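Read the structure below first, then the notes.
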Amino acid sequence: MDERIQRSLYDYFKKNGIKNFVGVPDSTMKFFIDQGLSEKNVIITTREEEAIGIGTGFILSKSPTLIFMQNAGFGNSISTITSLVQLYNIPLIFLIGWRGYLKNDAPEHLGFGKIQNDLLELLSLQYKVITKLNWKKSCEWAIKNIKKGNPCVLIIRREHHE
């Protein structure tokens, strides 16, 4: 996804009440993360489960939070998502970078890239894939979900190999 839209995503969430941005960096969303870092409003963690724990703490203190990660990290954190986020209906927005979406991505991303959306469906996690045309509606949808107390997922596709 291009730089302008990624920066607009961050700005949109911030203007619409998301206070905290926590996660593990992923080059798929580098401009989104850079926008938050330039405003000193991103917490970088070493593991996705750590990001989810910090984000849950923010939610419990009534501070809306977005968690960002690569899809492989999403795979690593499935147990934390099912046993914490879903069990207690923690209304987090997950922003997941979809590595392995294209065949020319690094080979280690292709396997998980194929099954990512199937896993989201198996987990009954509602999700939308962000595009140039739907990014604003997707953000609105995510904010409505967390206001209802539901976690949800937005996906940024890896558009080309870098």
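Among the candidates THR28, THR46, THR65, the residue that is over 19 Å from GLN126 (Cβ atoms) and in contact with a strand residue (DSSP E or B) (Cβ under 7 Å, 6 or more places away or on another chain) is uniquely THR28.
If MET1 meets every condition in (1) surrounded by 16 or more Cβ atoms within 10 Å (Cβ to Cβ); (2) in contact (Cβ under 8 Å) with a residue 40 or more places away in the chain; (3) in a helix (DSSP H, G or I) apart from one, which number is that one? So the condition that MET1 fails would be (3). Of all the residues in segment 4-24, those that are outside any helix (DSSP H, G or I) and either in contact (Cβ under 8 Å) with a residue 60 or more places away in the chain or surrounded by 18 or more Cβ atoms within 10 Å (Cβ to Cβ) (or both) number 8. The residue that is nearest to ASP2 (Cα to Cα), counting only those in segment 101-132 that are part of a loop (DSSP other than H, G, I, E, B) and modelled with pLDDT of 95 or more, is GLN126.
Applying the condition of being surrounded by 14 or more Cβ atoms within 10 Å (Cβ to Cβ) and assigned to a loop (DSSP other than H, G, I, E, B) to segment 37-66 and asking which residue is farthest from the chain's Cα centre (by Cα) yields ASN41. In segment 90-100, of all residues being modelled with pLDDT of 95 or more and part of a loop (DSSP other than H, G, I, E, B), the one that is farthest from PHE13 (Cα to Cα) corresponds to ILE90. Counting the residues of segment 134-162 that are modelled with pLDDT of 95 or more and in a loop (DSSP other than H, G, I, E, B) gives 5.
The values are calculated or read from the model by the stated rules, or taken from the named source; none is laboratory data. Predicted model, so just to flag it, every value in this text is computed and none were measured. Backbone-built Cβ (ideal geometry, glycine too); neighbour counts: all protein chains shown.
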